[in-house]
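Accompanying notes for the structure given below.
Read-outs throughout are calculated quantities, based only on the coordinates presented, and are distinct from any laboratory measurement. On a predicted model such as this, the values are computed, not experimentally measured, just so you know. Here the Cβ positions follow ideal geometry from the backbone for every residue, glycine too, while neighbour counts run over all protein chains shown.
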Amino acid sequence: MPETYVVTGAAGFIGSHLAERLLRAGQRLRVLDNLSTGSQANLDILRALDGDLQITVGSVTDLECLQRLCRGADYILHQAALPSVPRSVADPLATHRHCVDGTLNVLIAARDKSLRRVVYAASSSAYGDQAGAQKSESMKPAPISPYGAAKLAGELYCAAFNATYGLETVALRYFNVFGPRQAAHSAYAAVIPRFISAMLRGERPTIFGDGSQSRDFTYIDNVVDGNLLACAAPAAAGESINLAAGGSVSLNRLVAQLNAILGTNLPPLYTAERPGDIKHSQADGGKARQLLGFAPAVSFAEGLRRTVDWHRRRSEK
Ligand SMILES: NC(=O)c1ccc[n+]([C@@H]2O[C@H](COP(=O)([O-])OP(=O)(O)OC[C@H]3O[C@@H](n4cnc5c(N)ncnc54)[C@H](O)[C@@H]3O)[C@@H](O)[C@H]2O)c1
């Protein structure tokens, strides 16, 4: 029996993969995106699947629009946001509007329309730059950018709606998600697509800092798996949970692995660190294992190969 899912931010990188998986599984889908950082091309991929799909171009800042979309729905997977630290440093008010106001609207609509669960795209940026080998949910959050603060505010609203109204919410703290469809060409592009597209053009990748900073890069299919588990896991309601691969890859190692996959020998260019950037980010995956039964199915190396293949195919078109 198909269920009805609302996916916000479905023209974006993560939202489009979630929407695609749900459509392929025969679920009914309503998607909402204002096309600010997402692309029409991602919506076209969803349309081509010929499933039970309703697309709305609109904003999560529009409560009435969300109320309409949530009527009769079962789950909302809330991905819409302005997802960039440097963008939030440049314009914190816009980040607040799209991330915090937008999330509050999602929660109000989900409460009013009695949805079964809200799964929220939270962020590892909630941890800030705290010392400690792995970031665990028991640590006190300490964001160091307006983006991190806004994503954490959304998480706190999720927990508050769970406690106050009994609306089931799960906040998944994503750690550096990567994969096909992640935007490569914006000024705010994430590091993996930025490096791959530069290196495919034969250019040296630019690292902000000395390249020793490390990330827990998480392949997109693992994040989709985690979201679907979060819709169903009984003990997850009201919780914030890390969603990551559990690895630690420095940017210098990332460039070396990309050179190996691409058959190139392009050394990085080093430039000044950026404000708000975090030195080391690695997840403790214990809570996700315990509450969601989550284990990453695709390794970093395999995910990187698949991502390079996707960029190669696109650059050959
Ligand atoms: N990519 C990561 O590594 C990462 C890490 C942690 C958290 N997240 C979170 O995951 C979510 C998805 O990120 P992504 O990497 O796919 O980014 P993305 O930019 O590709 O997707 C975000 C989508 O939200 C849409 N959007 C923005 N504001 C909107 C609004 N007001 N109303 C409707 N749609 C709006 C954009 O057009 C875009 O399609 C975000 O909430 C982000 O904060 C991502």
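On a C-alpha basis, how far is the centre of the stretch 214-257 from the centre of the stretch 1-46 in Å? Whole number, if you could?
If we compute the Cα centre of each part, the gap is 20 Å.
Give, rounded to the nearest 20 debye, the magnitude of the charge dipole that the chain has about its Cα centre when Lys and Arg contribute +1 at Cβ and Asp and Glu contribute -1 at Cβ.
Dipole size: approximately 400 debye.
What list do you get for Tyr157, Tyr165 if you sort them by fewest beta carbons within 10 Å?
Tyr165, Tyr157
For the pair His185 and Arg305, what calculated FRET efficiency results from E = 1/(1 + (r/R0)^6), where r is the Cβ-Cβ distance and R0 = 22 Å, to the nearest 0.05?
Step by step, r from the Cβ atoms, then E = 0.50.
For Glu316 paired with Glu3, estimate the spin-label separation in nm (one decimal), with each label point 7 Å from Cα along the Cα-to-Cβ line.
4.0
Under the √(5λ) rule applied to the eigenvalues of the Cα gyration tensor, what semi-axes describe the equivalent ellipsoid of the chain? Give them in Å, descending.
30, 22, 18
Please order Thr4, Thr56, Thr206 by the number of other Cβ within 10 Å, starting at the fewest.
By the 10 Å Cβ count, ascending, the order reads Thr206, Thr56, Thr4.
Exposure proxy check: Met1, Met139 ranked by fewest other beta carbons within 10 Å?
Met1, Met139
Any idea what angle helix 220-232 forms with the longest principal axis of the chain, computed on alpha-carbon atoms, 0 to 90 degrees, nearest 10?
The answer is roughly 20 degrees.
For the chain, what is the percent of antiparallel DSSP beta bridges, rounded to the nearest 5?
5
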